[in-house]
Amino acid sequence: MNYPEQQQSADSFFAARCYRHPDRETNLSCTRCDRPICPDCLREASVGFQCPECVRNQNRGRQATLPYGGKLVENAGLVTIVVGVLNIVTYIVTALTSPSGIHHNASSRLFIRLVLSPEFIARTGEYWRFIGSAFLHYGFLHLAVNMISLAVLGPAIERVFGHGRFVVLYLAAALGGSVAVYAFDPNPLVAVAGASAAIFGLFGALVVLYRKLGLDMRMLIPTILINVYITYRVPNVSWIGHVGGFVTGALVAIILVYAPRTNRMVFQISGITFMLAIMVGLTVWRGTDLGAFSL
């Protein structure tokens, strides 16, 4: 036998209806806004369940991030394309403006203005050549090999690190290769150019990523061998610069990959800044030896 009070209580219990589906009765509610929701509207939360609107409002303004920091982007190869275009355009300009013809672009005024020569840099203080020389190439073969390597390596690494960190990695590797030539090449009159140091920096970063993720590195061997071959076949391509780029790229990748989740950005910025300070110290040390500084 049902008493009127019990019937009224039961009716009030089952009267709640999902605010998104008014035709459905429910005894569930959102833990955030406390509105009734049916099972189809349940969204799992850290505590209990929430309705779709609360989940959407909570996620609004959040930006998906990559595993080692940085924003998740759809066009992951954008920076790689920009870097490649800059290299190609620079080569075309030097080839077309060379007084010795397109097959001898090293005599171009732009090439001479940007090529890396330790003695000349120490004498003139034109340190922009450290980066500028990374966009020059001795002939089409030199350019083609580097751009193929960039196309193979760049998008994958850029997808992992994001635009900003990829730019830092590439430029740091290029700078590290130039500083290595400036500081350690026994011939201060050498003239070095090419994106090879930056490319070898990408190799170094990829080795770190492969080790971190436990992947098979055998697929890297053919591309590395091609670049090593070019090192010994193309004139004025410095193996010292390649080693410097590789080491710098690997160290930057280690800083990015192994930075602790807490204060990740601070650790990454501090680590890369420390590397730049070492490069400055090597530049001053070698510059003193070449007469650029008097300490």
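Key figures
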read-out: Length added when fully stretched, Tyr258-Leu189, from 0.36 nm per residue minus Cα-Cα; value: 20.9 nm
read-out: Residues whose placed amide H lies under 5 Å from that of Thr26, excluding near-sequence neighbours; value: Ala16, Arg17, Cys18
read-out: Residue-wise HN-Hα coupling along region 101-118, computed from phi with Karplus coefficients 6.51, -1.76, 1.60 (Hz; x: Gly, Pro); value: x, 5, 8, 9, 5, 5, 8, 5, 4, 5, 4, 4, 6, 10, 4, 8, 9, x
read-out: Net charge dipole size for region 159-295 [Lys, Arg +1 and Asp, Glu -1 on Cβ; Debye, nearest 20]; value: 520
read-out: Electrostatic dipole magnitude of region 113-227 [Cβ: Lys, Arg +1; Asp, Glu -1; Cα centre; debye, to 20]; value: 240
read-out: Residue exposure sequence - Thr80, Thr262 - by fewest surrounding Cβ within 10 Å; value: Thr262, Thr80
read-out: Of Ser98, Leu141, Gly162, farthest towards positive along the dipole that unit charges on Lys, Arg, Asp, Glu beta carbons give the chain; value: Ser98
read-out: Listed residue (Leu189, Leu150, Pro22) projecting farthest to the positive dipole end of the chain, Cβ model; value: Leu189
read-out: Charge dipole (debye, nearest 20) of the chain; +1 at Cβ of Lys and Arg, -1 at Cβ of Asp and Glu; value: 360
read-out: Ranked Thr31, Thr94, criterion: other C-beta atoms within 10 Å, fewest first; value: Thr31, Thr94
read-out: Full-stretch length increase - Val228, Arg17 - with 0.36 nm per residue and alpha-carbon distance subtracted; value: 68.9 nm
read-out: Global form of region 70-129, assessed from the alpha-carbon gyration tensor, a/c cut-off 1.5; value: oblate
read-out: Amide hydrogen neighbours beyond the local backbone of Cys33, cut-off 5 Å, H modeled; value: Cys51
read-out: Trp239, Trp128 arranged by Cβ crowding within 10 Å, fewest neighbours leading; value: Trp128, Trp239
read-out: Per-residue [θ]222 nm for the chain (sum of -39500 (n - 2.57) over DSSP H runs n ≥ 4, rounded to 500); value: -20000 deg cm²/dmol
read-out: Average Cα contact separation per residue, the chain, under 8 Å, 6 or more apart, as relative contact order %; value: 16
read-out: Integer Hz, Karplus 6.51/-1.76/1.60 couplings in order for region 129-139, x for Gly and Pro; value: 5, 4, 9, x, 5, 6, 10, 9, 8, 7, x
read-out: Degrees, to the nearest 10: 264-290 long Cα axis against longest axis of the chain; value: 10
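No value in this document is a laboratory result; all are computed from the given coordinates. What you see is a predicted model; the values in this text were computed from it and never measured. All Cβ positions, even for glycine, are placed from backbone atoms using ideal geometry, and neighbour counts span all protein chains on display.
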